[in-house]
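Take a look at the structure below.
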Amino acid sequence: MARKKRHEEHENHERWLVSYADFITLLFAFFTSMYAISSVNEGKFRIMSDSLAIAFNPTLFTSSKAKEGPRFVTEQRSHVSNEFKDMFTNNYQKIQNALKDLEADKKLTLIEEENRITIRISESMLFEPGTDTIMKEGFAVIDEVAAVLRELPNSIRVEGHTDNIPVNTVRFPSNWDLSSARAISILKYFIAQHGYDPRKLSALGFGEYRPLDTNDTPSGRFKNRRVDITILNGDAVNL
């Protein structure tokens, strides 16, 4: 019996359309992804990025929590500063009453701030120009201030300030040196003559770099040449 002839298979000339369709689909997905990336919200992206990082490395969670520490410390400091201000009201009034004559004579200025009380004394009341030697009149002012502050438990910082007129001597090559030496002179006097605990005292020299007024006028320079005796809140850290 004769076999049936096998039908010849026809070649599919449209097969390329399948590959082309796949390519178009991939291309569409690529550009869609690119558009999504270009318009992503930066905040959400960072949140997602941080979440993924923590998920793959849990130790980062502890680190991120540790970084939040200063914020809580700052809030606590603000609270402590308010307590300090309330607590110090009576002491401030005592200081004000004790030094009111000196303040009335403009030999010093008393300033109450959020976390400190500052007794500001002009250079002209304390030192000869260009020296760190305390004048006779200066001792009288310092003695009254020291007698008032000695019983306080707070830390005390003595700050020296100058104007911007250059100083260039063998002893004081710069205003930094002069302002620091003046602050240290008063600090040593507090210890030697008034029995202050050295652990609660510190001295700083700011030179010309924390002026109260312009250095372009004689009156401005006069204000800038000063010593600030600062009674600190126990938690105060800002200079």
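The values are calculated or read from the model by the stated rules, or taken from the named source; none is laboratory data. Remember, it's a predicted structure, so these values are computed and weren't measured experimentally. Positions of Cβ are backbone-derived with ideal geometry, glycine not excepted, and every protein chain shown enters the neighbour counts.
Of everything in segment 110-126 that's out of contact with any Phe, Trp or Tyr (no Cβ under 7 Å at 6 or more places or on another chain), touching a residue at least 40 places away in the same chain (Cβ under 8 Å) and under 11 Å from residue 95 (Cα atoms), which residue is surrounded by the most Cβ atoms within 10 Å (Cβ to Cβ)? Among them, the one singled out is 119. In the set (1) at pLDDT 95 or above; (2) within 25 Å of residue 103 (Cα to Cα); (3) surrounded by fewer than 20 Cβ atoms within 10 Å (Cβ to Cβ), residue 129 fails one condition alone, (1). Those strands (runs of 3 or more DSSP E) of segment 144-239 in which at least 1 residues are assigned by TED's automatic domain parsing to the domain that holds residue 124, modelled with pLDDT of 90 or more and β-branched (Val, Ile, Thr), considering only elements entirely within it, cover 156-161, 226-232.
Assessment of segment 208-226 against the conditions (in contact with a Phe, Trp or Tyr (Cβ under 8 Å, 6 or more places away or on another chain), surrounded by 15 or more Cβ atoms within 10 Å (Cβ to Cβ) and either in contact (Cβ under 8 Å) with a residue 12 or more places away in the chain or under 17 Å from residue 133 (Cα atoms) (or both)) yields no matching residue. When restricted to residues that are over 28 Å from the mean Cα position of the chain (by Cα) and not β-branched (Val, Ile, Thr), segment 189-215 contains 7.
Okay, residues lined up against (1) assigned to a helix (DSSP H, G or I); (2) among the aliphatic types (A, V, I, L, M):
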site	(1), (2)
96	yes, no
114	no, no
121	no, yes
129	no, no
132	no, no
